[in-house]
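The values are calculated or read from the model by the stated rules, or taken from the named source; none is laboratory data. These figures come from a predicted structure and were not determined experimentally. A quick note on method: Cβ atoms are made from the backbone with ideal geometry, for glycine too, and the neighbour counts reach across all protein chains shown.
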Amino acid sequence: MDSKRVYRCSFCGKAQTEVKTLVSGPGVFICDECVRLCQDVIAKKAGAQKAQDSLLPDNAPTERLLKTLSGYNSAFESVDRAMQDVVDILREREVSWAAIGEVLSVSRQAAWKRFG
Ligand SMILES: [Zn+2]
């Protein structure tokens, strides 16, 4: 792995060097510690449908919704960074701007202007 790139868990913010495992998704990462936390939540809520419903946005307190909204905002930034990382790797492999633009449904020039 290229040491200049630091990948962080999208949930807790820890870098890949601070956790045992970092699993990557499309623009997001989750560490083994956060997966374990999720497993605990799932285990606790299993069978308790009412408690599960309380986790849905429709039933969340306003304060939590505001926090969620702010989290979505920073998610855009982290997806943007993740896209830049992937483009950098592709460019190091000499993948053309045309090919990158094609998968992003933009022109070669637009891809280069955004990520070049
Ligand atoms: Zn984490």
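Which one of these is surrounded by 14 or more Cβ atoms within 10 Å (Cβ to Cβ), more than 22 Å from VAL6 (Cβ to Cβ) and of a type in the set (D, E, K, R): ARG108, ARG114, ARG64? Before the answer, list the steps.
Values: ARG114 fails: more than 22 Å from VAL6 (Cβ to Cβ); ARG64 fails: surrounded by 14 or more Cβ atoms within 10 Å (Cβ to Cβ).
From the options ARG108, ARG114, ARG64, the qualifying one is ARG108.
Within the bounds of the range 61-69, is there any residue that is under 25 Å from LYS113 (Cβ atoms), modelled with pLDDT under 90, away from the ligand (no atom under 16 Å from the Cβ) and under 15 Å from the mean Cα position of the chain (by Cα)?
Filtering the range 61-69 down to residues under 25 Å from LYS113 (Cβ atoms) leaves none.
No, because not a single residue in the range 61-69 is under 25 Å from LYS113 (Cβ atoms), modelled with pLDDT under 90, away from the ligand (no atom under 16 Å from the Cβ) and under 15 Å from the mean Cα position of the chain (by Cα).
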